[in-house]
Each structure stands twice: as structure tokens, then as C-alpha cells.
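Structure, as C-alpha cells:
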Amino acid sequence: MAPTTPNHTQTVSGWAAHDSSGKITPFIFKRRENGENDVTIEILYCGMCHTDIHHVKDDWGITKYPVVPGHEITGIITKVGRNVSKFKIGDRVGVGCLAATCLKCEYCKGSQENYCDQVEFTYNGIFWDGSITYGGYSKMLVADHRYVVCIPDNMAMDRAAPLLCAGITVFTPLKDNNLVDTKGKRIGIIGLGGLGHVAVKFGKAFGHHVTVISTSPSKEQEAKHNLGADDFIISTNPKQMMEKKRTLDFILDTVSAKHSLGSYLELLKVNGTLVIVGAPDKPIDLPAFPMIFGKRTVKGSMIGSIEETQEMMDLCGKHNILSDIEIITTDQINEGLERLANNDVKYRFVIDIAGPSSHL
């Protein structure tokens with residue numbers, strides 16, 4: 001493992017954290033030359049994910065400093081390798097969480113490469129050549145074309161960026177539970193943040209009755225009138241939770257804080273499914289009786305394959321689904337990370353990588 005290898009000859013400007021303080025500062029580093037399976041991408045925008053906070057502060061004890069975060073990347077292709085046929089110079093593209101997988105296991109061959117046990121991520125991973133991967137808080141990226149997707153022409157590149165993580169994270173469970181092609185189900189979304197607001201948009205676009213479940217009464221107006229949710233449940237209100245028992249076919253849990261699933265499971269019909277996509281850093285409570293007496297299923301899900309990500313992007317283009325974002329400049333990254341940690345954003349920060357910093 002090394003920060004670079006001999007073919008890392010391209011000098012790139014980026015922004016990195018160098019220790020667990022998490023402070024981001026300008027950083028000059030090297031990227032590899034464009035290989036035969038690669039595309040080079042001029043980065044225009046990069047979304048800011050909660051995962052970025054955990055990595056820059058080494059909350060999970062796995063950070064390889066210096067770390068250049070960012071896995072919600074949109075940009076323009078400036079170079080293509082000789083083995084690349086599906087992309088050309090000038091294409092609008094996106095890169096999400098995946099940088100490399102083994103390409104040989106049953107999951108890679110079955111278009112579930114996000115579950116490959118040798119998966120390496122867009123940043124803080126180790127690429128095939130042994131170098132550490134650096135993410136989208138940078139001016140340019142070299143990516144293997146097998147982990148790149150096209151962005152439809154009608155989609156704004158800044159608002160498309162968060163779909164590469166937040167979007168695919170909530171899309172795949174809907175697809176896995178036959179909620180993309182089948183209409184008329186009653187689905188619940190726990191949490192109305194970066195993940196939840198996109199999930200509401202998907203649910204409505206795919207023809208379902210959508211209920212937002214939140215601890216924050218103040219979010220009801222936003223959920224119903226701005227995002228189009230059909231119903232709103234305050235999860236801390238026992239009367240509301242009791243009235244809605246056994247009314248939902250499916251629940252998507254986007255909450256990243258520790259919580260108990262018991263009362264939420266009671267909202268499901270018999271044979272209902274709850275899928276966890278939030279990632280609390282402490283174990284969640286999962287009582288047995290709501291599962292046993294309702295024949296209910298609790299599952300997890302992590303992002304999606306490249307095939308699923310492209311399908312999602314195409315559907316977003318078709319249905320005009322985009323993230324609700326706040327644009328920040330590169331010299332506002334630290335402020336953005338702090339506000340994100342305090343849930344002070346509607347609903348996703350996107351860094352204008354290609355634009356000037358506000359202090360120039």
C-alpha cells in the first residue's frame with residue numbers, strides 16, 4: 001500500500017484532511033495516468049455525504065491520512081482508454097462509491113459488485129495497483145470505466161451528484177422489493193434528510209402512497225407540500241403510531257442515529273418489510289415480538305451496482321427527479337461538514353469544484 005505508484009504522474013489540486021481533527025485544507029497530490037480501461041474526468045461538482053464526516057474524523061478507525069473525501073462526483077470526460085467503448089470525450093458522467101472490485105466472484109458476475117468482498121471505494125480505498133484512492137474533493141479523477149455512469153442530458157449536474165450515493169442507496173431497496181415497476185403500495189420513509197427526501201420523490205414517481213415518519217413535527221409541511229408525501233406520522237406521538245398500525249407494506253429506514261425498530265415494525269402489515277439504509281454507529285434495538293407476530297422482515301441494503309445506478313439515473317432523467325441541494329464553494333467545505341454534522345442543510349451540500357472559491 002502506497003499513496004502513489006510510479007505511474008501516478010498527473011498533478012492534481014484537491015482538498016484533504018490530514019488528521020482526526022477533520023479539518024480540510026488544500027492538498028496537491030498525484031493521480032495515475034489514464035490506462036486502457038480508464039476515463040479521465042474533469043470534476044464539476046461533488047456531493048457531501050455523512051460518510052465524509054466519519055472518514056475525515058476517523059470515527060471508524062480506518063482512515064488512511066491524508067484523505068480526500070467525496071463519492072458523489074459529476075463531471076466531463078476529457079480522455080478515454082483504448083478499451084473503453086461506451087464513453088467518449090465530452091460525455092457527462094458520474095462516479096459514486098465504487099472504484100474497484102474483483103470482477104470474478106458470483107456477486108461481480110451477477111451485477112451485485114457492491115457486495116464483492118474485495119470491493120474498494122472511491123476514496124480511502126486501495127486500488128488494483130496498490131495506491132490509496134482519493135475522492136471527488138479534487139479537480140480531476142481517473143476512474144475505471146466499469147464504475148462510471150452516464151448522466152442524462154436533461155439533468156442538472158449539481159443536483160444529480162447526490163444521487164450517486166444518496167439516490168442509489170434508497171433506489172435499490174425499492175427495486176429489490178418490486179416497488180419500481182409495481183404501483184399502488186403504501187410505503188413509509190423514516191427520516192426526512194439527504195436520503196429520505198430522495199426516497200419520497202422516488203416513491204411518488206413510482207406511483208405509491210408515501211408516508212413520512214419523523215421525530216420532527218416541523219417537517220410535516222415540507223414533506224407534504226414541497227415533496228408531495230401523502231401522510232406524515234410523528235414517531236414520538238403514541239396516538240399517531242397506534243392509529244397507523246398495520247397500514248404500510250414497506251418501510252425504508254434512513255436514520256443514522258441509534259433507535260429502536262419495535263414501534264416502526266408495528267406500522268407494517270403482516271408480511272411487511274423494513275429495510276435499513278441508515279448506518280447508526282451503535283447497535284439498534286430489534287425486539288422479536290413485532291417480527292414474530294407480524295411475519296415481518298428486516299433487511300439491510302448498501303448502495304447498488306453500476307447497472308442499478310445507471311437504471312436509477314435514467315429513471316431520474318425520465319421523471320425529472322433531482323436532489324434538493326445547497327451549493328457551497330471549496331473554501332466553505334469545513335463549514336459545510338460542520339453544518340452537515342448538525343443536520344443544518346436541506347437536503348444535501350454539493351461543492352462547486354470547478355467554480356471559483358468565494359474568497360478569490
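The values are calculated or read from the model by the stated rules, or taken from the named source; none is laboratory data. Computed from a prediction, not measured in an experiment: that's the story for all the values here. Note that each Cβ is placed from the backbone with ideal geometry, even for glycine, and that neighbours are counted across all protein chains shown. We work out accessible area using only protein heavy atoms, side chains counted, and drop any ligands, DNA or RNA first. Shrake-Rupley method; radii C 1.70, N 1.55, O 1.52, S 1.80 Å.
Okay, here's what the table says:
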quantity	calculated
Criterion violated by Trp128 - all others in (1) without any contact (Cβ under 8 Å) to a residue 40 or more places away in the chain; (2) within 27 Å of Ile24 (Cα to Cα); (3) open to solvent by less than 70 Å² (accessible area, probe 1.4 Å) satisfied	(3)
Filtered residue count, the range 288-328, keeping only those that are under 18 Å from Cys46 (Cβ atoms) and in contact with a strand residue (DSSP E or B) (Cβ under 6 Å, 6 or more places away or on another chain)	7
Filter result for Ser214 (over 23 Å from Ser323 (Cα atoms), open to solvent by less than 40 Å² (accessible area, probe 1.4 Å) and at pLDDT 95 or above)	no
Among (1) open to solvent by less than 30 Å² (accessible area, probe 1.4 Å); (2) within 30 Å of Glu338 (Cα to Cα), the one test that Val39 misses	(2)
Residue, most open to solvent (accessible area, probe 1.4 Å), within the range 220-273, restricted to residues that are β-branched (Val, Ile, Thr) and part of a strand (DSSP E or B)	Val270
Residue match in the range 165-182 (condition: closer than 20 Å to His55 by Cβ, of a type in the set (A, V, I, L, M) and open to solvent by less than 20 Å² (accessible area, probe 1.4 Å))	yes
Condition broken by Gly14, with the remaining ones in (1) in contact with a strand residue (DSSP E or B) (Cβ under 8 Å, 6 or more places away or on another chain); (2) of a type outside the set (Phe, Trp, Tyr); (3) surrounded by fewer than 15 Cβ atoms within 10 Å (Cβ to Cβ); (4) in contact (Cβ under 8 Å) with a residue 60 or more places away in the chain satisfied	(3)
Residue in the range 168-190 that is touching a Gly at 6+ places or on another chain (Cβ under 7 Å) and part of a strand (DSSP E or B) present	yes
Residue, farthest from Arg339 (Cα to Cα), within the range 52-76, restricted to residues that are touching a strand residue (DSSP E or B) at 6+ places or on another chain (Cβ under 9 Å) and surrounded by fewer than 21 Cβ atoms within 10 Å (Cβ to Cβ)	Ile76
Failed condition for Val200, given (1) β-branched (Val, Ile, Thr); (2) within 23 Å of Asn271 (Cβ to Cβ); (3) crowded, with 24+ Cβ neighbours inside 10 Å; (4) without any contact (Cβ under 8 Å) to a residue 60 or more places away in the chain	(2)
Filtered residues of the range 122-166 (kept if in contact with a helix residue (DSSP H, G or I) (Cβ under 9 Å, 6 or more places away or on another chain) and in a strand (DSSP E or B))	Val149, Cys150
Filtered residue count, the range 61-93, keeping only those that are part of a loop (DSSP other than H, G, I, E, B) and in contact (Cβ under 8 Å) with a residue 40 or more places away in the chain	17
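Here is a yes/no grid of residues against (1) among the aliphatic types (A, V, I, L, M); (2) in contact with a Leu (Cβ under 6 Å, 6 or more places away or on another chain); (3) closer than 27 Å to Val350 by Cα:
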site	(1), (2), (3)
Ala100	yes, no, yes
Cys105	no, no, no
Glu113	no, no, yes
Gln118	no, no, no
Tyr123	no, no, yes
Ser131	no, no, yes
Tyr137	no, no, yes
Ala143	yes, no, yes
Arg146	no, no, yes
